[in-house]
Amino acid sequence: MSLLSSLMLSATAGAMPEMRQTGQLEEIRVTAERRESSLQDTPISISAFSSERLEMEGISGLQDISNRVPSLTIEPFPINGGTLRVFVRGIGISDAQLTQDPPVAIYVDGVYLARASGTAMDVIDLERIEVLRGPQGTLYGRNTTGGAINFISRRPDTENRTVEQRVSVGNRDLQSSRTSINLPISQNAALRLVYQQWSKSGFVENTGPGEDFGDRDEQALKFDFAWAPGEHLDVQYHYQKTELEYVNYLFQAVTPPDPNGNKGQAESIKETAQANTVYGEHILDSLATGMPMQASESESEGHSIQLSWSFENSELRYTAARRELTDISYSDLGGGMGSTEYRLDTGYYDGPSAFNANDGPTPDVRPRIDQRQLSHELHFLGELADAQLQYQLGLYYFEERGVEDNTPLHHQLSSPVDGARNTRIVNFVSQLNRIQNDAEAVFGELSWVPDWLDKQLRVTLGARHSRDRRDAEKYQRDEIYIETAPTIGGTQVLAMSELAEDAVLGPLLTPVLYQAGFPGDRRFDVTAGREFKDDSFSGLLEYQFEQPAMVYLKMVEAYKSGGFNTRDPQRRGDEGPASDGIDYGVGFEDGFREEKARSLELGLKSEWFQQRLRVNADIFRTDFDDMQMNFLLEGTVADTKVLNAGKAQMSGFEADLTWQASAGLVVHFDYAYLDADVKKVIDTFGNDVTSRFAFSSAPRHSYVASLDWDIWQGQQARLHLNINTSYMDERLGGGDILNAYTIMEAYQLWNARLLLDGVAVGKTLWQLALWGKNLSDEEYELYAIDNLPQADRAVIWGEPVSYGVDLSVRF
C-alpha cells in the first residue's frame, strides 16, 4: 500500500473550518504590528481575511482580493499578465522596472517581495491575508508609502493527520486540482505539503496565428515544516515554487486617432495603423495577431526559515529568506486585424533593414527578467512591568541582483508610411539592464501604558533608520530605418532571407534603404549609482473605553527609495531636449530621489450590542514630498520620465461594518472615500504645470458589501451562501498625466458562492461549492492607454461572467 493510500485511510477530519455556534462575531487575530493581537486592538486601518472568509469567498491570491477591499485597486501590467500594479489609497506604481520599487509592499510569511513581477501567481494554502492601508514605515520599512499586504501561510498541525483533495471545473475550460497533506511527525513537529494545478482559457479568441489571448496554466508546490523541539524554541520553514504560463491580452482599440491630433514619432503612420485596426466600444469576441502570438512564462522559487526563542515575557526571532524569479513575457500591441503590414511586436522580421542592422533576419524575442533577493532580519520583542511596557527592536539586511534582458536586436514596430508608396518605417531595439541593490535598517518601537486614566491610555513611539545603495547599468540600441521594397521583374519583395542567399536573384535585390536618423535612434551604454538614507518616525495615542471601543490618533512616516528610469530617452540632464522636445534637466544617470510620506490618522475600533455589531472607521490625511511620478512623454509609445513631482496630498474616510444579524447571518459593508490631489508640480523651466497631473487608480468612492448566511445547519454539515458586490468609482488609468482618453468608467460587480460543507460519508468529509463571478456580466475596463499609433483610447477588459463547481474531500 502506498504512503498516500495509508494516509487517506487513517486520516481524521481535523481540517474542518470552525462553524459559528453563537450570535457573536468571531475574533480575528492579526500580526499587522509584527506581534499577534486582536483586530480590534490593532490601531491600523486594516482589512483582514480569516481562513474561514478565504474559504467562503474562494480567495487564494492577490488578484482575488482586487474587488474585496475599498481603496485597493489591482490591475494587470499592460504588457505582462504575470505582473500586477497594486494601488492602496491611490498610491501605486504605473510602471514595472527592475530599477523602480513599488510603494505598496507585499510580504509572504514575513518576507518582503521586491518585484511586482510574478505577483499574479497564487499564494496557496493561506491562513490569512491582511491589507494595511496607509504608510507603514517604522515597522515594515522602505517602500510602504501606500501600505503593505501580508500573506500568512497555514501552519502544519501536530495533532491531526489529514489529506484533502479538491477539484474545480468551470466555464472557459477551467480545470483546477489541489492536493494537501498534513502529516504530524511527532508531538512537536509536523509538515504540510500542497500541490496545485490551475488552467483556464481567455475570453477573447485569437483568430490569427499562435496562442489564444488570456490562456493561463499555473502549477504550484508548497512545503511547510513546523518544529518546537523545546519549550522555548520554535522553527518554521516555508518553501514555494510556482510556474505560470500565460498569454497576454491584446489591447482593444476603442477610439481612432484624432486626425488633428499629434502622435509624435508615430504621426507618419497613424492612418495606416488605423486602417489595420479593429475598433469596438464593447468587448469583442475575437481579435487577430499578424505574427504568431507566443506564450509568456513566470517562475518563482522561495525559501524562508524563522527561528523563535521565547524567554520570560520576551521573544527573539531570526528570519532568513531567499527568492529567485524568472519572468519571460511576450506582447503584441498591434491593431487586432491580423495585419503583417502594420506591426507592433517583438516577433521575427525579414525585411531589407534587418539585413542592414543585423546581417540577417531579426529573431523572435521575449523580454526576460531574472531576479534574486536575499534578506535577514533579527527581531527582539517583549514586555515589562506586567505588560505596561512593550518594546520591539530589529535589524534588517536586504540585497538584490537582477537582469532585464531584451536582446538581441529585434523588431519593435514596422508600418507603411502614410501616403508614401512602397515605403516602410521599421524600428529595431535591443536592451539590457542590470541592478545591484543593498539595504540596511535598524528599527524600534516602544509602547507604554501609564498608571493614570485607569491604564486605558497607551502611548507608542517608533523609529526606523534606513540606508540604500542602488547601482544600475543600461545598454540600449534603437535604430529606425526607412525602406522601400526591392523589385524583381516588377514584383515587390519584402522577405529577403531566402532570396538573399540565391546566387542568381540575390544580386538583383536593390532596395532603397537608409537609416532614418530620427530622434528615436539611440545608443546607451551607461552606468549609474546613488545612495539614499532616511529616518522615519511614528507616534500613537490609544484610549480604550470600558465599552469595547478604542480610539486612536496616529502619525506615521514612510519613504520609498529612489532609483533610475530605464525608459528615459536621455542619458543625462545636460543633453538637451527629450523626445517630446522638452528639456527636463534629468536623464537616466541622474535618476530620481526618494519619496517621503507623512500620514495623520484618527481611528475607531468598536463592538456594540454584545459583540454583534463591529464598527471600525478612520479619517486620514497623507502628505507627500518629492513624490515620484511616472508619466509618458507626449507623442511616444514607451518613453517616460520619472520626476519627483513636488507636493501631493491625500485625505479620506474609511469605514468597515460587520453585523451578526443572527447566529447564522453576517452582513459586511466596507466603504472608502478618497480625495487625491497633486498640489504642486514645477517643471525645469519654473512653470507651474500642476493642472496636467493627477493620480491614477484613485477612485473617489468605492465599497464592498457581502452577506454570509448559514441557510441550514446540521449537527456537522451546513449549507452556506455568500453574496458579495463591489463598486469602483471612475478613475484615471495609463499614467499620471490627466487625459480624458484614459479615464475608466465606474463599475459594479456581483459574485456568489453556495457551499455545502461537512457532509460525512464514512470516514470522509465532503464539500461542494457552486460559484459565480461577475454574475451581471458587467463590461468594465482594467486599464486604458492613449499612446498607441492606432488609437487614442485602447483598453484591457475585465473578466466577463464566470462560474464553476468545486468538489473536495477530506480524509
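Some observations on this one:
For every residue, the table says whether it meets (1) under 30 Å from GLN252 (Cα atoms); (2) more than 28 Å from the chain's Cα centre (by Cα); (3) at pLDDT 95 or above; (4) open to solvent by 50 Å² or more (accessible area, probe 1.4 Å).
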position	(1), (2), (3), (4)
ASP285	yes, no, yes, yes
THR289	yes, no, yes, no
ALA295	yes, no, yes, no
HIS303	no, no, yes, yes
GLU312	no, yes, no, yes
THR319	no, no, yes, no
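- Among the residues of this structure, TYR481 does not count as one that is modelled with pLDDT of 85 or more, within 30 Å of ILE619 (Cβ to Cβ) and not hydrophobic (A, V, I, L, M, F, W, C).
- Strands (runs of 3 or more DSSP E) enclosed by the range 94-156 - at least 2 residues per element that are open to solvent by 20 Å² or more (accessible area, probe 1.4 Å): 104-108, 126-133
- Candidates ASN630, ASN565: the one that is touching a residue at least 60 places away in the same chain (Cβ under 8 Å), in contact with a strand residue (DSSP E or B) (Cβ under 7 Å, 6 or more places away or on another chain) and either hydrophobic (A, V, I, L, M, F, W, C) or crowded, with 23+ Cβ neighbours inside 10 Å (or both) is ASN565.
- Meets criteria (in contact with a Gly (Cβ under 6 Å, 6 or more places away or on another chain) and within 30 Å of THR42 (Cβ to Cβ)) for PHE443: yes
- Residue that is farthest from GLN265 (Cα to Cα), among those in the range 428-448 that are touching an Asp or Glu at 6+ places or on another chain (Cβ under 9 Å) and open to solvent by 20 Å² or more (accessible area, probe 1.4 Å): GLU445
- Only one of the numbered conditions (1) in contact with a helix residue (DSSP H, G or I) (Cβ under 9 Å, 6 or more places away or on another chain); (2) farther than 22 Å from SER314 by Cα is not met by LEU432, and that is (1).
- Residue that is surrounded by the most Cβ atoms within 10 Å (Cβ to Cβ), among those in the range 692-717 that are of a type in the set (S, T, N, Q) and closer than 28 Å to LEU72 by Cβ: SER696
- Test result for ASN787, polar (S, T, N, Q), under 29 Å from THR690 (Cβ atoms) and surrounded by 16 or more Cβ atoms within 10 Å (Cβ to Cβ): yes
- Tally, over the range 748-770, of residues that are under 23 Å from ASP708 (Cα atoms) and either of a type in the set (Asp, Glu) or open to solvent by less than 40 Å² (accessible area, probe 1.4 Å) (or both): 10
- The lone criterion from (1) open to solvent by 40 Å² or more (accessible area, probe 1.4 Å); (2) of a type in the set (A, V, I, L, M, F, W, C); (3) not in a loop (DSSP other than H, G, I, E, B) left unmet by LEU775 is number (3).
- Residues satisfying the stated conditions in the range 794-811, i.e. under 19 Å from ASN248 (Cβ atoms) and open to solvent by 10 Å² or more (accessible area, probe 1.4 Å): ILE796, TRP797, GLU799, PRO800
- Residues considered: ASP639, ASP656. Of these, the only one that is in contact with a strand residue (DSSP E or B) (Cβ under 9 Å, 6 or more places away or on another chain), crowded, with 17+ Cβ neighbours inside 10 Å and modelled with pLDDT of 90 or more is ASP656.
- Any hit, the range 24-45, residues being in contact with a Leu (Cβ under 8 Å, 6 or more places away or on another chain), modelled with pLDDT of 90 or more and not in a loop (DSSP other than H, G, I, E, B): yes
- Selection status of ASP454, acidic (Asp, Glu) and surrounded by 15 or more Cβ atoms within 10 Å (Cβ to Cβ): no
- Members of the range 356-375 found to be open to solvent by 50 Å² or more (accessible area, probe 1.4 Å) and more than 25 Å from ALA96 (Cα to Cα), listed by number: ASN356, ASN358, ASP359
- Single unsatisfied condition, SER353 versus (1) modelled with pLDDT of 90 or more; (2) surrounded by 20 or more Cβ atoms within 10 Å (Cβ to Cβ); (3) not basic (Lys, Arg): (1)
- If the condition is being touching a Lys or Arg at 6+ places or on another chain (Cβ under 8 Å) and open to solvent by less than 20 Å² (accessible area, probe 1.4 Å), then the range 200-213 contributes only GLY202.
- Of all residues making up the range 161-186, the number that are part of a loop (DSSP other than H, G, I, E, B) and either open to solvent by less than 40 Å² (accessible area, probe 1.4 Å) or free of Cβ contacts under 8 Å to residues at least 40 places away in the same chain (or both): 2
- Any hit, the range 129-150, residues being among the polar types (S, T, N, Q), in contact with a strand residue (DSSP E or B) (Cβ under 6 Å, 6 or more places away or on another chain), touching a residue at least 12 places away in the same chain (Cβ under 8 Å) and within 20 Å of ILE305 (Cα to Cα): yes
- Looking across the range 739-758, the residues that are farther than 21 Å from SER71 by Cβ and either outside any helix (DSSP H, G or I) or in contact with a His (Cβ under 7 Å, 6 or more places away or on another chain) (or both) come down to ASN739, ALA752, ARG753, LEU754, LEU755, LEU756, ASP757, GLY758.
- Meets criteria (modelled with pLDDT under 90 and over 28 Å from PHE223 (Cβ atoms)) for ARG133: no
- Annotation note: Cβ proximity below 6 Å between a residue of the range 190-206 that is over 24 Å from LEU221 (Cα atoms) and a residue that is open to solvent by 40 Å² or more (accessible area, probe 1.4 Å) and of a type in the set (S, T, N, Q) (sequence gap 6+ or interchain) occurs for GLU205/SER286.
- Residues of the range 741-768 that are closer than 30 Å to TYR703 by Cα and of a type in the set (A, V, I, L, M): ILE743, MET744, ALA746, LEU749, ALA752, LEU754, LEU755, LEU756, LEU768.
- Boolean, LEU333 is over 30 Å from ILE425 (Cβ atoms) and of a type in the set (A, V, I, L, M, F, W, C): no
- Among the conditions (1) in a strand (DSSP E or B); (2) at positive phi, VAL805 misses just one, which is (2).
- Selected residue (criterion: nearest to the chain's Cα centre (by Cα)) from residues of the range 560-592 that are farther than 17 Å from ARG530 by Cα and among the aliphatic types (A, V, I, L, M): ALA578
- Considering (1) in contact with a Leu (Cβ under 8 Å, 6 or more places away or on another chain); (2) open to solvent by less than 50 Å² (accessible area, probe 1.4 Å), the lone condition that THR255 does not fulfil carries the number (1).
- Screening ALA648 against (1) small (Gly, Ala, Ser); (2) open to solvent by less than 30 Å² (accessible area, probe 1.4 Å); (3) farther than 30 Å from ASP688 by Cβ leaves a single unmet condition, (3).
The values are calculated or read from the model by the stated rules, or taken from the named source; none is laboratory data. Nothing here was measured: the structure is a model prediction, and the numbers come from that model. With ideal geometry, Cβ positions are generated from the backbone for all residues, glycine too; neighbour counts draw on all protein chains shown. Each accessible area value is taken on the protein alone, full model and side chains, heavy atoms only, with ligands, DNA and RNA left out. Shrake-Rupley method; radii C 1.70, N 1.55, O 1.52, S 1.80 Å.
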